[in-house]
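Worksheet for the structure shown next.
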Amino acid sequence: MQRNPKIYRTKLGDKDIIIETGKLAGQAGGAVTIRQGDSLIFSAATLGNVREGLDFFPLTVEYEERMYAGGRIPGSFFRREGRPRGEAVLIARMTDRPIRPLFPEGMRNEVQVILMSFSADKENPLDHLAINAASASLIISDIPWHGPVGAVRIGYVDEQLVVNPGFSEMEVSKLDLMVVGTKEAIAMVECGADEVSEQIMVEALELGHQAIQPIIELQEQMAREVGKEKREVDRTVIEPELVNQIKNRINEPLQEILRKPYSKENLYGGIDTLKATVVDEMTADQPEDLHESDLKSFKKMIGNAFGEAEKAIVRKRILNDRKRPDGRNPEDIREVWCEVDVSPRAHGSGLFTRGETQVLTMATLGTPREAKELDNLIPTDQKKRYMHHYNFPPFCVGETGRLYTGRREIGHGLLAERALEPVLPDEQDFPYTLRLVSEVLASNGSSSMASTCGSTLALMDTGVPIKRPVSGIAMGMIKEDDDYVILTDILGMEDHLGDLDFKVTGTSDGITALQMDIKVSGITTEIMSEALEQARKARLFILDKMLEVIDKPRTEMKDHAPRIEILHVPVEKIGAVIGKGGETIRNLQEETGTRIDIEDDGTIFIAATDGVGYQAARERIERLTEEVEVGRIYTGKVVRTTDFGAFIEILPGQDGLVHISQLDTSHVNKVTDVVKEGDEVTVMVTNVDNQGRIRLSRQALLEGWSVEEAQEQDQGGKKSSNRGNRGRRR
């Protein structure tokens, strides 16, 4: 039966947004499509049952980037979409972060939000549409959720903030800011910037929150008109009386733990011991015949209540006494120390340690051939010359487990990548592919910002001429009513129990990246400004510590790092360098020990770890692509003889004819009387016709003729061969 869809319209900035529901995916809890221009995103939200044994909320958000949306076939071997790429993972993470806190506390039913790209034009990005689509599908579904949220991108073009810019505007924008929020407050921020000031950033955040109001109001209208009744779900409810009971029991011993000299073992180990003691005490009075599963559930309930009590006590201590779990004041930064040149064979390395967080970044230089080929729906260059990879092995937090690359690792790598991208040199000035790998060796608070700092050190150690060094810091906040404390350089515990988590990277001139998750409403512009200013002071402090170790990029790269030189040859000469079936370029690389990349415009990159190989390769390429000049003298090899003359290769792949009349100063009866195949002969170029045929003369050199005289003789003019003529030399 034909469905009767409902269509809703609004604007995001100056662009039309169309949301449609009721036509597709009728068995999903809620399903919508959202369209801007010819970009179209589908979202379906579905509620499942409670999975036995789970003690967390199982929300999954998946973004499926379908290449048919852009009229393309995937470039993989199987010609179908496989594992999500970095950009797709980032969209899924950006969608997850603002919607997750809005589900009911203690909810344990499985929820799945699946997003698909149905159409992608070359002007309207899909990422903010995906977040809006997820929100709309949830708000009209039967899933309990305290939304909606709205999402918008803010750019900064020609010194003006732009709402919902397209790809063409983003190419020249100094700001790529994604703002997601509810009607009352901003909930999530993801940003890359070209050294933008804190003032502009605050203005952009305010503008973004204003811009999302129409799409939030539209979703509220949808909920009223087509929204389903919300289902009852299972929730784990922690009784306030139990939390208060435990709070009274642990207040003094927890305060004692917090007053001890800080170490991770003292703090976390002490709290774990206290928790185990409280659980044992409160379960000691339970009946002996209590079923094991009921006892386990009771212990879990006490553990959850303990967590709430601990959170309340630690937060109160920070707010009232301005004392943090490790004894620091709100603006204090843990001890920072750095080192470079850690690896003798990596092209560059940087070790950054801040408190108990430590990251080692290794840098590798490659040729343009090693750039990552992109296969996605973003209409940008199809190669990526800078890659940042982040690894978080279990030992870095004192645990065991399997090694894998998850969404968190991909997201943190892309954040550090975004932070450093604005300061990298242009490809024309530094034609290398760059790969940075950050290995987290220890973690207790913001390893992603440590990765940014370690990567800056590694780049400078490599000799990459970055425009300015970049540092980063993670900030937090505790807020109760109108009282709040902004925390610099947060611990893992402060991240977990706090109300704000944001990471800021930048140079001495401005911000390069910002990532923010806000867990409470009521974050004013004044608080944001204060937090950004406190972060600016912190990252500049850290930057000074980094510059004490290495204050600028090295002027010379390491001996084993490749040197890349650039040549430019005429496009029509590219074939001469490549050779038949690539034979010429393969032989050239093998014989000179170089790597050679050729662009379609005739740009040639020669990479070598020694100057001898590079020089040999350059000379041979120049010979292969050299243009023959009339009047120039060449020494070449006889490659073929005929009755009427000899063909001589004067440049690689370029032969010219010496007519029998031009072989000697006197009459020649037979060509082979003068030259044979394989002989080296010095000749003058007398003519190159419009078909590229080359005429040569040996007689011109023997007689001492000028090029004009040689051309006249070649054209049939009669020249005297007496001794007087032979004496005329230039």
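Observations on the model:
- Protection proxy ranking for 318-325, 304-311, using the average of other Cβ atoms within 10 Å per residue and placing the highest first: 304-311, 318-325.
- Least to most buried among Lys503, Lys228 (fewest other Cβ within 10 Å first): Lys228, Lys503
- The 3J(HN,Hα) values that the Karplus relation (6.51, -1.76, 1.60; θ = phi - 60°) gives for region 451-461 are, in residue order, 5, 4, 5, x, 6, 4, 4, 5, 4, 5, 5 Hz. Gly and Pro appear as x.
- For the chain, the longest principal axis of the Cα atoms and the long axis of helix 86-99 meet at an angle of about 20 degrees.
- Positive-end residue, region 594-714 charge dipole about Cα centroid, Cβ charges, pick of Gly692, Val707, Thr594: Thr594
- For Gly106, residues with placed amide H under 5 Å, excluding near neighbours: none
- The label-point distance for Phe644 and Arg259, in a model that sets each label 7 Å from Cα toward Cβ, rounds to 11.0 nm.
- Over region 240-321, volume per residue of the alpha carbon convex hull, in Å³: 94 Å³
- Only the Cβ atoms of Lys and Arg (+1) and of Asp and Glu (-1) were treated as charged; on that basis the dipole of region 240-321 about its Cα centre amounts to roughly 640 debye.
- Computed log₁₀ I(q)/I(0) - Debye formula, equal Cα scatterers, no solvent, the chain, q 0.05 Å⁻¹: -0.38
- Alpha carbon convex hull of region 610-697, projected area averaged over orientations, nm²: 6.3 nm²
- Entry note, the chain: the mean residue ellipticity at 222 nm calculated from DSSP H runs of n ≥ 4, each adding -39500 (n - 2.57), is -10000 deg cm²/dmol after division by the residues and rounding to the nearest 500.
- Simple Cβ-charge dipole of the chain, Lys/Arg +1 and Asp/Glu -1, about Cα centre, in debye nearest 20: 1740 debye
- Whole-Å semi-axes of the ellipsoid equivalent to region 105-223 (Cα gyration tensor, √5λ, descending): 28, 17, 12
- In this label model, Val50 and Gln615 are separated by 7.8 nm, measuring between points 7 Å along each Cα→Cβ vector.
- Of the residues Gly307, Asn320, Ile271, the one whose Cα sits farthest toward the positive end of the charge dipole of region 240-321, with +1 on the Cβ of Lys and Arg and -1 on the Cβ of Asp and Glu, is Asn320.
- Among Ala474, Ser293, Leu254 the positive-end extreme of the charge dipole of the chain (Cβ point charges): Ala474
- Debye log10 I(q)/I(0) for region 336-547, one point scatterer per Cα, at q = 0.13, 0.15 Å⁻¹: -0.74, -0.96
- Extension gain (nm, one decimal) between Lys519 and Phe118, 0.36 nm per residue minus Cα-Cα: 141.2 nm
- Spacing of the two label points (7 Å from each Cα toward its C-beta) at Arg468 and Asn248, in nm: 5.7 nm
- Distant-in-sequence amide H partners of Ser197 (H built 1.01 Å from N, under 5 Å): Ile511
- Listed by chain and number, the aspartates and glutamates whose alpha-carbon sits under 18 Å from that of Lys264, ignoring those within fewer than 8 places in the same chain, are Glu256, Asp272, Glu310, Asp326, Asp332, Glu335, Glu356, Glu399, Asp489, Glu494, Asp495.
- Considered as an equivalent ellipsoid built on the Cα gyration tensor, region 6-226 has semi-axes of 27, 21, 18 Å, the largest given first.
- Partners for Lys300 among lysines (Cα-Cα distance below 18 Å; same-chain residues under 8 apart left out): Lys247, Lys275, Lys311
- Neighbour counting of Cβ atoms within 10 Å sorts the residues Asp285, Asp489, fewest neighbours leading, into Asp285, Asp489.
- 0 to 90° range, to nearest 10: angle between helix 407-420 axis and the chain longest Cα axis: 60 degrees
- For the peptides 142-151, 273-282, residues were scored by their other Cβ atoms within 10 Å and the scores averaged per peptide; the highest-first order is 142-151, 273-282.
- Taking the DSSP bridge list for the chain and keeping only pairs wholly inside it, about 90 percent are antiparallel.
- By average C-beta atoms within 10 angstrom, highest first, the peptides 694-703, 566-575: 694-703, 566-575
- Links that overshoot a 30 Å alpha carbon limit, given the list Lys23/Lys519; Lys15/Lys372; Lys174/Lys545; Lys260/Lys479; Lys6/Lys384: Lys23/Lys519; Lys15/Lys372; Lys6/Lys384
- Angle between the chain longest axis and helix 583-592 axis [Cα atoms, degrees, rounded to 10]: 80 degrees
- P(r) tail, region 563-625: Cα-Cα pairs separated by more than 16 Å, 35% of all pairs.
Read-outs: derived from the displayed coordinates by stated rules, not from any lab. As the structure is a prediction and not an experimental result, all values here were calculated from the model. We place every Cβ from the backbone using ideal geometry, glycine too, and count neighbours over all the protein chains shown.
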